[in-house]
Every structure is written in structure tokens, then in C-alpha cells.
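J.: If you scroll down you'll find the structure; I have some questions about it.
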Amino acid sequence: MIPVLLLLASLAAAADPRDANEAAIRRRPRAMSLTLVDLADAADDTQRAQVAYYLGRCFEQIGLLQSAHRQFVRALSSPTWRSRSLSGLVRTAERIGDDEPLLPIAAAVDPASFSPSFAGALWFARGRQLARDGQPAAATAALEAVAPTSPRYPAAQLHLAVLQHERGASEAARDTLLRLLSLRAPRSQLARIHLGAVQQLARLDLARLYYGAHRFEEATRIYATLDEDGPYAALAALESGWASLILGDEAAARAGAAAGGERILAAELWLHLEPARADPDAWASEAAAIAAAEDHYAASPGALWRDWFSDGADTDVPVPDAFFDDALRDVRLAGAALRLRQIRAEEVLVADQDPAWQETFGAALAERLATDRAEVEDRAGRLLLARLAARREGLTALVSP
């Protein structure tokens, strides 16, 4: 199964409205940020954490979410400001659409010691980080701790099902996915969109569970329930085509192969249906071109992302459009795209501030945003290179099965 999901809801805990500083920040965030910088020089450690938190709130109010995130991280050093700073980190991550920076922080704290209003987001982030760190049992416990009332509950259930399946507990994974599919749509429009996206992927994963258990008729029925206009329609039709081939339904198998476009699985399916359609020369040529592109971008993975992201997949890498479509269904790459969009918006926003604010913050923030952009592009580029390598290996296997 492929644990891809969209995190669309922005429902984290709000800043404390009773705080007089908060009221001033909402009215005059730029002026308050200048005042805070003047106070920082004479502050002790606790006061510096306080200044960092409020400076983060100023940046958040202005729309500089990347810069706000860094200030909230600095404020974590003080127990007095830790809870509110974590709340700020959750808020900014959700507004950007990329909670990747939150993961290592959440893994280092105990979410149970913070307010329920955003503990679910912390448990969810903690579970994801522990899973990446190779601690599936601890990750499972963290994901199970996300309360049903949390906006993160649907996403946590999806990740939990994937972990359960990877640990060999397929029946538990099935039950988790069925529980997720039984959730009722919430009143909030954003929450409904989020739940709908997660449930579409849950249907795809549930069908894959039945496919893996050789229950092909049930798998095809579930594949057929996915939204025909949804992001997983082509994958569902293609995988259903394979199940249909096993069941002896050649017409359905052909329909699935046609829906799969130029994906490797579609080519493999056509090999079973119409061996004459095989084009080993084209496959070998594409594999060689991908290998050359891998060599070209190996030293600067971020350039691969920049070339694709800036030019709309107009790179020298000879892969079909479906490759990039599928790449952006990886939550890590989708989050990187959203975060880079936010960074570019903040670079423009910093440049448009008044001269006094520019003199105090402009150069430092612009430099840091450029560093952030390079880091995200490098991370995303490495993920794209890994996907390119997988496609090259698949093409090579088609040529020499």
C-alpha cells in the first residue's frame, strides 16, 4: 500500500485572545515586531523565549509563516512558553500545508502533556516520525492516541492501517480502514474535504488488502467505488484490471490497462493481454535516458525539482506526465510543493515591506528564506530521484523480465 494523503484542514488551537500583547499584534504586527527586537537585547533567557514567541506571532499575523515557525522553535527552550509555541508550530504547519518540520519536534515531546486542542496533531506527527525512525510499535501507539474528536483522526487512522499491514496484521488494517470509511462527514467544509480525500485513499488501500489476500472479486468491487474523477481513478482502474485478468475478465483487464496510460503496471498488463504491443526498444531508450538524467541531477537534486516545478514538468527527463502526477500524490512531495509556494510568497512579502521594517528584518529574513527554499528543493529533488530510479528499474525489468 502507498500511504499518501492530503492534509487540508486548518483547525489548530488559536492564540490566547485574552493576552494584551496578542491584541496589539493583531492591530499592528509590524510595529510590534520592531518593538520586540529592541527589547530582545536586554532580555534574559526566559524573556528571550517570550520575545521569540511574540515575534513569531507578529510574523504569523503578517503572513511570514516560515519565519514565524523559526521563532516558535526558539521559544520552545522555555517551559513557560513551550505549550503556546507548540500551538504556533501546529498552526503554521497546517496553514502552509506541510507538517514535515513539525515531525522531529513532536517526536521529542509528550503530546499528552499539552492541551487537547492540538494534542491530536502532535500525536499524529509523533507517530509519523517514529515510523520513519523504524519504531513501528511506538508509532502505532502514538497514532492510536489520536482522539476521534481530533481533526487529525482520519489521517491517523489511515497511517495506522498502513503500519498494521506492514507489521503483518492485515485483519487489523482492514478493520481500521472500515472504521475510517464509516466516519460521517463533519459540518466544516474544510474538514469534509479532508475526510473525503482520506476516505478515497482508504478505499484504494482496502481494495489492495483484498487483492493481496487473493480476494479478487471483492477487490474489484471496492476499486469500482472510487470517484471516477478523483486523483486515484487511474490507479484504481489499472489495479482492478490486473484483478480482472486473474478472474478471466479480459474486457475489464483491457479497460484497466488503457486507464493506466504509460505507467509501468499498465505496460506489464498489456504484455499479458497483447504481447505484440511490447516496445522493448522504447523502454530501453527511456531507461537509458532516465539513467543519464539521474547522473546529471545526482550532485544537485534540488535542480531537478526546480526544473520541473518552475517549468511545469518541462525537464530533460523523458518520463510521461503521469509520472509527475503520481509524484504529487506522495504527501511529502505535495507538502514540499505547498511549502515552496509559501516561501516564494514570503520572499515577495518581505520585499514589499516599508523601509524601517526592511532595515531591521529584510536582509536576514530574505537570506533565511533562500536557505529554506534550497533545503526543501533538495529534499524534494531526492524524493523525485528515488522515484525516477524505481521507474528505470521497472522499465529494465520489462525489457529483460
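Please treat every number below as a calculation from the coordinates, not as lab data. Owing to the predicted nature of the structure, the values given are computational and were not obtained by experimental measurement. Cβ atoms come from the backbone with ideal geometry, glycine included; neighbour counts cover every protein chain shown.
J.: Looking at the stretch 96-110, can you tell me whether even one residue there is buried (at least 23 other Cβ atoms within 10 Å of the Cβ) and free of Cβ contacts under 8 Å to residues at least 24 places away in the same chain?
T.: Checked against the condition, which is being buried (at least 23 other Cβ atoms within 10 Å of the Cβ) and free of Cβ contacts under 8 Å to residues at least 24 places away in the same chain, the stretch 96-110 yields at least one hit.
J.: Suppose we filter the stretch 174-217 for residues that are in contact (Cβ under 8 Å) with a residue 60 or more places away in the chain, over 18 Å from Leu238 (Cα atoms) and outside any loop (DSSP other than H, G, I, E, B); how many remain?
T.: Residues meeting the conditions: 6.
J.: So, one more: Scan the stretch 146-162 residue by residue and report those that are assigned to a loop (DSSP other than H, G, I, E, B) and farther than 12 Å from Ala121 by Cβ.
T.: Within the stretch 146-162, Pro148, Thr149 qualify.
J.: For the stretch 65-95, how many residues meet the condition of being among the basic types (Lys, Arg) and free of Cβ contacts under 8 Å to residues at least 60 places away in the same chain?
T.: 2
J.: Count, please, the residues in the stretch 271-301 that happen to be among the hydrophobic types (A, V, I, L, M, F, W, C) and over 18 Å from Glu393 (Cα atoms).
T.: 3
J.: Would you be able to tell me the number of residues in the stretch 240-267 that are crowded, with 17+ Cβ neighbours inside 10 Å and among the charged types (D, E, K, R)?
T.: So the count comes out to 3.
J.: Given (1) under 21 Å from Val331 (Cα atoms); (2) buried (at least 18 other Cβ atoms within 10 Å of the Cβ); (3) free of Cβ contacts under 8 Å to residues at least 24 places away in the same chain, where does Ile222 come up short, assuming only one miss?
T.: Only one criterion in (1) under 21 Å from Val331 (Cα atoms); (2) buried (at least 18 other Cβ atoms within 10 Å of the Cβ); (3) free of Cβ contacts under 8 Å to residues at least 24 places away in the same chain is unmet by Ile222, namely (1).
J.: Residues that are within 13 Å of Trp305 (Cα to Cα) and among the aromatic types (Phe, Trp, Tyr): list the helices (runs of 4 or more DSSP H) wholly contained in the stretch 320-401 that include at least 1 such residues.
T.: Values: elements: 321-327, 331-351, 363-399.
In the stretch 320-401, the matching helices (runs of 4 or more DSSP H) lie at 321-327.
J.: Can we say Ala155 is of a type in the set (Gly, Ala, Ser), under 17 Å from the mean Cα position of the chain (by Cα) and at negative phi?
T.: Working: of a type in the set (Gly, Ala, Ser): yes; under 17 Å from the mean Cα position of the chain (by Cα): yes; at negative phi: yes.
Yes: the conditions hold for Ala155.
J.: Another question, if that's okay. Based on what the data block shows, is Ala322 of a type in the set (A, V, I, L, M, F, W, C) and over 24 Å from Ala374 (Cβ atoms)?
T.: It is true that Ala322 is of a type in the set (A, V, I, L, M, F, W, C) and over 24 Å from Ala374 (Cβ atoms).
J.: Any idea how many residues of the stretch 276-304 are of a type in the set (A, V, I, L, M, F, W, C), exposed (fewer than 14 other Cβ atoms within 10 Å of the Cβ) and within 29 Å of the chain's Cα centre (by Cα)?
T.: 3
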